Amino acid sequence: MIEVRGLTKRYRSTLAVDDLTFEVRPGVVTGFLGPNGAGKSTTMRMVLDLDRPDAGEVRIDGRPYRDHARPMRTVGALLDAKWVHPNRSARRHLQWMAAATGLPATRADEVLELVGLTAVAGKRAGTFSLGMAQRLGIAGALLGDPPVLMFDEPVNGLDPEGIRWIRTLMQGLAAEGRTVFVSSHLLSEMALTATELVVIGRGRLISHGPTAAFVDGASGSSVLVRSPAITDLVPVVQAAGFGVTPDPSGGARVTGASTEQIGELAAAAGIVLHELTQVRGSLEEAFMQITGGDVEFTAGGPPPRPPVPGAPAPGPAGTHRSEVQR
């Protein structure tokens, strides 16, 4: 288990991490999310005692990282895939790491096979692609067979097969009862991989809990409705107090209503429906909704949405904030 309590770190005038508190439990994959500049990498470095916090503490299995006699056998981490001497072979690099922590040299070949690098074990690491370097970094994290694992952006540079492989790997490690903590900007992948989430923005905790609860609580759900008489249905639905937005399918998304409610409204108005589906929000939608005010850099808002058939005209420009600024 990783326990973070009141963690605070300032770099001159910049407060990188602000009184951050959370736990990462064993047995599940915990995703670590936040916009660029949110403090994720700084937090991970403080967990590993690479940066000293100004306040607060981190305990790994009950003790600070520095108090573990053989930390590689307790925590395996991938923070920088390119942290390898370019002229060392993959095998020599891992054998050097193994020797430093009292592991047998044969362990290097075991983890190389696990990550699919046996065929290039003798090649210089400096010739590796980013995807191969990621696999080598993961091999280094697994070298000591640790109960706690941390990965910072582990899918960078991986092809679809590699992304699927690491998803399966992390879920398998968690199923063995290990603590797996992973940061990523690939939200679609995190939705498939992580059971729990820690979400931060500007160094502060925004959310901590199950992935499903985060998505449902932030993005909510909607009802997709398609009808040959959609222009007649929209004002009926709006009159009942529900929000309506257009859908690329030619239908409409209704928020705040159930499929039963929309079906009953359509039936009462004598309107034929071709589709009525409850649609759950996505992790990306939930993330943007929750962290929109904590992004470090923002671009212009998205192009205006097409009008909903039958909906009133929008108000004057400037009356609504862009999606990025919410």
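Name the residues in region 174-230 that are out of contact with any Gly (no Cβ under 7 Å at 6 or more places or on another chain), crowded, with 21+ Cβ neighbours inside 10 Å and free of Cβ contacts under 8 Å to residues at least 60 places away in the same chain, would you? Matches in region 174-230: Ser222, Val223. The residues of region 148-162 that are surrounded by fewer than 19 Cβ atoms within 10 Å (Cβ to Cβ) and not acidic (Asp, Glu), listed by number, are Asn156, Gly157, Pro160, Gly162. Listed here are the strands (runs of 3 or more DSSP E) enclosed by region 228-288 that have at least 1 residues being aromatic (Phe, Trp, Tyr) and assigned by TED's automatic domain parsing to the domain that holds Met190, and there are none. Against the criterion of being touching a residue at least 12 places away in the same chain (Cβ under 8 Å) and either more than 30 Å from Lys123 (Cβ to Cβ) or surrounded by 15 or more Cβ atoms within 10 Å (Cβ to Cβ) (or both), Gly102 does not qualify. For region 85-116, the tally of residues that are under 23 Å from Ile163 (Cα atoms), in a loop (DSSP other than H, G, I, E, B) and of a type in the set (D, E, K, R) stands at 0. Where strands (runs of 3 or more DSSP E) sit wholly within region 1-83, those with at least 3 residues that are surrounded by 20 or more Cβ atoms within 10 Å (Cβ to Cβ) occupy 2-11, 14-24, 29-33, 75-78. Scanning region 168-220 for residues that are in a loop (DSSP other than H, G, I, E, B) and either among the aromatic types (Phe, Trp, Tyr) or within 12 Å of the chain's Cα centre (by Cα) (or both) returns Ser184, His185, Leu186, Ala194, Thr195. With respect to (1) assigned to a helix (DSSP H, G or I); (2) of a type in the set (D, E, K, R); (3) surrounded by fewer than 21 Cβ atoms within 10 Å (Cβ to Cβ), the lone exception for Arg135 is condition (3).
The values are calculated or read from the model by the stated rules, or taken from the named source; none is laboratory data. Note that the structure is predicted; figures quoted are calculated from it, not measured. Quick reminder, even Gly has a Cβ in these numbers, built from the backbone with ideal geometry, and neighbours come from all protein chains shown.
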